[in-house]
Amino acid sequence: MAQYKLIHWNLNGKDVETMVDVRASLTDVLRNDYRMTSVKKGCEVGECGACNVIIDGECFNSCIYLAVWADGKHVRTLESLLGSNGELSDIQQAFVDEAAIQCGFCTPGFIMTAVEILESGKLYSDEELRKLLSGHLCRCTGYQNILRAVKKTMYRRLGKELPAE
(Lines give C-alpha, C1' and ligand atoms only; values in the text may rest on other atoms or scores of the structure.)
Protein backbone atom coordinates (compact mmCIF):
# COMPACT_ATOMS: atom_id res chain seq x y z
CA MET A 1 0.00 0.00 0.00
CA ALA A 2 1.20 3.52 -0.80
CA GLN A 3 2.31 5.51 2.19
CA TYR A 4 1.35 8.87 0.66
CA LYS A 5 -1.77 9.96 -1.16
CA LEU A 6 -2.72 13.17 -2.94
CA ILE A 7 -6.03 14.49 -1.64
CA HIS A 8 -8.22 17.23 -3.11
CA TRP A 9 -10.38 19.04 -0.59
CA ASN A 10 -11.79 22.41 0.42
CA LEU A 11 -10.31 24.19 3.43
CA ASN A 12 -12.20 27.21 4.74
CA GLY A 13 -13.77 27.87 1.34
CA LYS A 14 -10.61 27.37 -0.74
CA ASP A 15 -9.96 24.31 -2.91
CA VAL A 16 -6.60 22.77 -2.01
CA GLU A 17 -4.62 19.64 -2.75
CA THR A 18 -2.20 18.05 -0.34
CA MET A 19 0.11 15.06 -0.38
CA VAL A 20 -0.56 13.34 2.94
CA ASP A 21 0.91 10.43 4.81
CA VAL A 22 -1.96 7.94 4.98
CA ARG A 23 -1.32 7.60 8.72
CA ALA A 24 -1.47 11.36 9.45
CA SER A 25 -4.32 12.85 11.43
CA LEU A 26 -6.25 15.78 10.04
CA THR A 27 -5.05 17.77 13.07
CA ASP A 28 -1.44 17.34 12.00
CA VAL A 29 -2.11 18.31 8.38
CA LEU A 30 -4.15 21.37 9.40
CA ARG A 31 -1.52 22.56 11.87
CA ASN A 32 1.69 21.61 10.09
CA ASP A 33 0.82 22.14 6.42
CA TYR A 34 -1.73 24.97 6.67
CA ARG A 35 -0.84 26.70 9.97
CA MET A 36 -4.41 26.41 11.26
CA THR A 37 -3.30 26.98 14.84
CA SER A 38 -6.86 27.17 16.16
CA VAL A 39 -6.92 23.38 15.83
CA LYS A 40 -5.38 22.35 19.15
CA LYS A 41 -3.62 19.11 19.98
CA GLY A 42 -5.03 18.14 23.34
CA CYS A 43 -5.62 14.51 24.22
CA GLU A 44 -5.05 13.09 20.70
CA VAL A 45 -7.63 10.34 21.41
CA GLY A 46 -10.90 12.19 20.68
CA GLU A 47 -11.84 12.94 24.28
CA CYS A 48 -11.24 16.68 24.84
CA GLY A 49 -12.68 18.36 21.73
CA ALA A 50 -9.86 20.91 21.39
CA CYS A 51 -9.20 19.81 17.79
CA ASN A 52 -12.84 20.02 16.69
CA VAL A 53 -13.49 21.05 13.07
CA ILE A 54 -16.56 20.99 10.83
CA ILE A 55 -16.43 18.55 7.93
CA ASP A 56 -19.29 18.76 5.43
CA GLY A 57 -21.43 20.49 8.07
CA GLU A 58 -20.75 18.07 10.94
CA CYS A 59 -18.29 18.34 13.83
CA PHE A 60 -15.44 15.87 14.14
CA ASN A 61 -12.43 15.53 16.41
CA SER A 62 -9.68 15.98 13.84
CA CYS A 63 -7.13 14.12 15.99
CA ILE A 64 -8.87 10.80 15.27
CA TYR A 65 -9.89 11.68 11.71
CA LEU A 66 -7.31 10.61 9.15
CA ALA A 67 -6.30 13.33 6.70
CA VAL A 68 -6.91 10.98 3.74
CA TRP A 69 -10.58 10.84 4.74
CA ALA A 70 -10.85 14.59 3.97
CA ASP A 71 -10.47 13.84 0.25
CA GLY A 72 -13.41 15.51 -1.52
CA LYS A 73 -14.70 17.08 1.70
CA HIS A 74 -15.26 20.66 2.90
CA VAL A 75 -13.36 21.35 6.14
CA ARG A 76 -13.90 24.44 8.28
CA THR A 77 -11.74 25.64 11.15
CA LEU A 78 -12.15 28.60 13.48
CA GLU A 79 -10.13 30.70 11.04
CA SER A 80 -13.07 30.54 8.62
CA LEU A 81 -15.26 32.56 10.99
CA LEU A 82 -13.33 35.83 10.88
CA GLY A 83 -14.68 38.61 8.70
CA SER A 84 -12.67 40.09 5.83
CA ASN A 85 -11.17 42.73 8.12
CA GLY A 86 -10.55 40.32 11.00
CA GLU A 87 -13.83 41.05 12.78
CA LEU A 88 -15.20 38.36 15.05
CA SER A 89 -18.31 36.36 14.21
CA ASP A 90 -21.33 36.67 16.49
CA ILE A 91 -20.51 33.48 18.39
CA GLN A 92 -16.88 34.52 18.88
CA GLN A 93 -18.02 37.92 20.18
CA ALA A 94 -20.52 36.20 22.51
CA PHE A 95 -17.67 34.17 24.03
CA VAL A 96 -15.84 37.45 24.72
CA ASP A 97 -18.95 39.22 26.04
CA GLU A 98 -19.90 36.35 28.36
CA ALA A 99 -16.32 35.80 29.64
CA ALA A 100 -16.50 32.26 28.27
CA ILE A 101 -12.75 32.32 27.60
CA GLN A 102 -10.02 31.96 30.17
CA CYS A 103 -6.87 30.18 29.01
CA GLY A 104 -8.48 29.77 25.56
CA PHE A 105 -7.13 26.32 24.72
CA CYS A 106 -10.55 24.67 24.48
CA THR A 107 -12.28 27.70 22.95
CA PRO A 108 -11.83 27.00 19.21
CA GLY A 109 -13.29 23.50 19.57
CA PHE A 110 -16.23 24.76 21.63
CA ILE A 111 -16.92 27.50 19.09
CA MET A 112 -16.89 25.07 16.15
CA THR A 113 -19.43 22.87 17.95
CA ALA A 114 -21.45 26.02 18.66
CA VAL A 115 -21.35 26.84 14.93
CA GLU A 116 -22.79 23.41 14.13
CA ILE A 117 -25.51 23.95 16.77
CA LEU A 118 -26.35 27.44 15.52
CA GLU A 119 -26.37 26.46 11.84
CA SER A 120 -29.01 23.79 12.59
CA GLY A 121 -31.51 26.64 13.02
CA LYS A 122 -33.12 24.79 15.94
CA LEU A 123 -34.05 26.10 19.37
CA TYR A 124 -32.46 23.83 21.97
CA SER A 125 -33.20 23.60 25.68
CA ASP A 126 -30.39 24.13 28.21
CA GLU A 127 -30.26 20.37 28.75
CA GLU A 128 -29.94 19.72 25.00
CA LEU A 129 -27.21 22.36 24.70
CA ARG A 130 -25.29 20.78 27.59
CA LYS A 131 -25.48 17.40 25.86
CA LEU A 132 -24.40 18.86 22.50
CA LEU A 133 -21.44 20.62 24.13
CA SER A 134 -20.49 17.64 26.30
CA GLY A 135 -17.72 16.46 23.95
CA HIS A 136 -15.44 19.21 25.25
CA LEU A 137 -13.30 19.51 28.32
CA CYS A 138 -12.49 22.87 29.90
CA ARG A 139 -10.37 23.23 33.01
CA CYS A 140 -10.97 26.95 33.56
CA THR A 141 -14.46 28.33 33.02
CA GLY A 142 -16.88 25.98 34.74
CA TYR A 143 -18.91 25.76 31.49
CA GLN A 144 -21.75 28.10 32.56
CA ASN A 145 -20.43 31.11 30.64
CA ILE A 146 -19.86 28.94 27.55
CA LEU A 147 -23.43 27.67 27.72
CA ARG A 148 -24.72 31.24 28.16
CA ALA A 149 -22.72 32.49 25.11
CA VAL A 150 -24.11 29.73 22.89
CA LYS A 151 -27.65 30.16 24.22
CA LYS A 152 -27.68 33.95 23.75
CA THR A 153 -26.36 33.64 20.20
CA MET A 154 -28.91 30.91 19.41
CA TYR A 155 -31.81 33.07 20.61
CA ARG A 156 -30.46 36.15 18.79
CA ARG A 157 -30.07 34.26 15.48
CA LEU A 158 -33.57 32.82 15.80
CA GLY A 159 -34.98 36.30 16.50
CA LYS A 160 -36.39 35.17 19.85
CA GLU A 161 -36.40 36.84 23.25
CA LEU A 162 -33.97 35.25 25.70
CA PRO A 163 -35.97 33.93 28.69
CA ALA A 164 -35.11 35.32 32.12
CA GLU A 165 -32.80 33.08 34.12
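Here are some conditions: (1) open to solvent by 70 Å² or more (accessible area, probe 1.4 Å); (2) more than 20 Å from ALA114 (Cα to Cα); (3) not β-branched (Val, Ile, Thr). ALA24 meets all but one. Which one does it not meet?
All conditions are met except number (1).
Tell me, which residue of the stretch 88-146 that is farther than 20 Å from GLU58 by Cβ and of a type in the set (Phe, Trp, Tyr) is least open to solvent (accessible area, probe 1.4 Å)?
PHE95
Please tell me if ILE64 is over 13 Å from ASN10 (Cβ atoms), surrounded by fewer than 21 Cβ atoms within 10 Å (Cβ to Cβ) and among the β-branched types (Val, Ile, Thr).
Yes; evaluated as a whole, the condition is true for this residue.
Any residue in the stretch 109-124 that is of a type outside the set (A, V, I, L, M, F, W, C) sitting within a Cβ distance under 6 Å of a residue that is surrounded by fewer than 16 Cβ atoms within 10 Å (Cβ to Cβ) and part of a helix (DSSP H, G or I)? List the pairs, counting only those 6 or more apart or interchain.
Going by the 6 Å Cβ cut-off, there are no qualifying pairs.
So which helices (runs of 4 or more DSSP H) stay within the stretch 82-148 end to end and still have 2 or more residues that are touching a His at 6+ places or on another chain (Cβ under 7 Å)?
Ranges flagged: 107-119.
The values are calculated or read from the model by the stated rules, or taken from the named source; none is laboratory data. For clarity, every value in this text was computed on a predicted model and none was experimentally measured. Cβ atoms come from the backbone with ideal geometry, glycine included; neighbour counts cover every protein chain shown. Surface accessibility is based on the protein's heavy atoms, side chains included, excluding ligands, DNA and RNA. Shrake-Rupley method; radii C 1.70, N 1.55, O 1.52, S 1.80 Å.
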